[in-house]
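Visitor: Got a structure for you, questions after.
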Amino acid sequence: MAEFRAEGRGSSGDDSMIGAELREFGHRWAVLEGFAAYVDWLRSQILEDSPRPDGYVPSTTLWWIQDDDYLGRLAIRHRLTPHLREFGGHIGYDVRPSARRRGHATAMLHAALPVACGLGIESALVTCDPDNVASRRVIEANGGIFEDQRGGKLRFWVPTA
């Protein structure tokens with residue numbers, strides 16, 4: 001997570017899920033109880049009635065691990081709000097900077113699709129910035145079909161089955 005913070009994630013202007021989690025829990029991760037509280041909170045977000053910030057929906061967070069190394073995480077949002085339909089989509093992923101450009105994001109999205117299918121999502125909306133060529137390739141490698149560009153985001157539908 002220090003690598004994400006070093007690239008500016010978690011700042012007050014970062015409205016991503018990982019940014020919010022860095023601000024809320026990052027100062028407590030170094031102690032076992034703080035990290036356990038974070039994991040408990042993540043696990044609770046699967047449940048419909050768990051407290052969460054306005055605009056957030058139930059989500060399943062998965063970590064991408066190789067041996068003992070944390071390489072990244074992804075979030076599968078169980079449904080779309082009007083905002084998520086425009087900007088965030090069903091699935092978001094982050095690969096730590098030192099693990100990028102090695103195929104992890106492609107494998108992560110591939111692994112997330114059956115989970116999304118199990119949640120009843122037949123086709124997952126996945127978005128990326130227009131200048132993020134790597135992310136676009138990840139989405140397209142997983143069968144993403146370009147729909148359009150809205151609000152500064154490219155929008156793709158990816159079959160989950």
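The values are calculated or read from the model by the stated rules, or taken from the named source; none is laboratory data. Predicted, not measured: the structure shown is a model, and the values here were computed from it. Ideal geometry is used to build each Cβ from the backbone, glycine not excepted, and the neighbour counts take in all protein chains shown. Accessible surface is based on the protein model in full, side chains and every heavy atom, while ligands, DNA and RNA are left aside. Shrake-Rupley method; radii C 1.70, N 1.55, O 1.52, S 1.80 Å.
Visitor: About its Cα centre, what dipole magnitude does region 1-41 give when the only charges are +1 on Lys and Arg Cβ and -1 on Asp and Glu Cβ, stated in debye to the nearest 20?
Guide: Dipole size: approximately 100 debye.
Visitor: For the chain, what does the helix formula give at 222 nm: sum of -39500 (n - 2.57) over DSSP H segments with n ≥ 4, over the residue count, nearest 500 deg cm²/dmol?
Guide: Calculated mean residue ellipticity at 222 nm is -9500 deg cm²/dmol.
Visitor: Once both labels are modelled 7 Å past Cα along the beta-carbon direction, what's the Arg85-Val115 spacing in nm?
Guide: For the pair Arg85/Val115, the computed spacing is 2.5 nm.
Visitor: May I ask you to derive the FRET efficiency for Arg28 and Arg101 from their Cβ-Cβ distance with R0 = 25 Å, giving the value to the nearest 0.05? Provide the component values of the computation, followed by the final result.
Guide: Values: r = 31 Å, r/R0 = 1.24.
Here the calculated transfer efficiency is 0.20.
Visitor: Give the residue from Gly34, Ile145, Ala112 lying farthest towards the positive end of the charge dipole for the chain; charges sit on Cβ (+1 for Lys and Arg, -1 for Asp and Glu) and the dipole is referred to the Cα centre.
Guide: Result: Ile145.
Visitor: Of the heavy-atom accessible surface of the chain (probe 1.4 angstrom), what whole percent is carbon and sulfur?
Guide: Details: 4770 of 8820 Å².
The nonpolar share, carbon plus sulfur, comes to 54 percent.
Visitor: Another one. With +1 on each Lys and Arg Cβ and -1 on each Asp and Glu Cβ, how big is the dipole of region 1-110 about its Cα centre, in debye rounded to the nearest 20?
Guide: 320 debye
Visitor: Under the classification rounded if a/c is under 1.5, otherwise prolate if a/b is larger than b/c and oblate if not, where does region 57-161 fall, given a ≥ b ≥ c as square roots of the Cα gyration tensor eigenvalues?
Guide: Oblate, because a/c is 1.5 or more while a/b does not exceed b/c.
Visitor: Between the helical axis of 104-118 and the dominant principal axis of the chain, each derived from Cα atoms, what acute angle in degrees is found, rounded to the nearest 10?
Guide: Helix 104-118 sits roughly 80 degrees off the main axis of the chain.
Visitor: Here's a follow-up. Go ahead and run the numbers for FRET between Ile46 and Val133, Cβ-Cβ distance against an R0 of 41 Å, rounding to 0.05.
Guide: E between Ile46 and Val133, to the nearest 0.05, is 0.80.
Visitor: Here is a further query. Between 0 and 90 degrees, rounded to the nearest ten: what's the tilt of helix 32-44 against the longest Cα principal axis of the chain?
Guide: Tilt relative to the chain: about 30 degrees.
Visitor: Compare the peptides 78-88, 6-16, 111-121 by average per-residue count of other Cβ atoms within 10 angstrom and give them in order, highest first.
Guide: 111-121, 78-88, 6-16
Visitor: Could you provide, to the nearest whole Å², the per residue accessible area of the chain with probe 1.4 Å? Spell out each step's value before the answer.
Guide: Numbers: 8820 Å² over 161 residues.
That works out to 55 Å² for each residue.
Visitor: On to the next question. So if R0 is 22 Å, what FRET efficiency would Trp63 and Asp15 give, r being the distance between their Cβ atoms, rounded to the nearest 0.05?
Guide: Details: r = 21 Å, r/R0 = 0.98.
That gives a FRET efficiency of 0.55.
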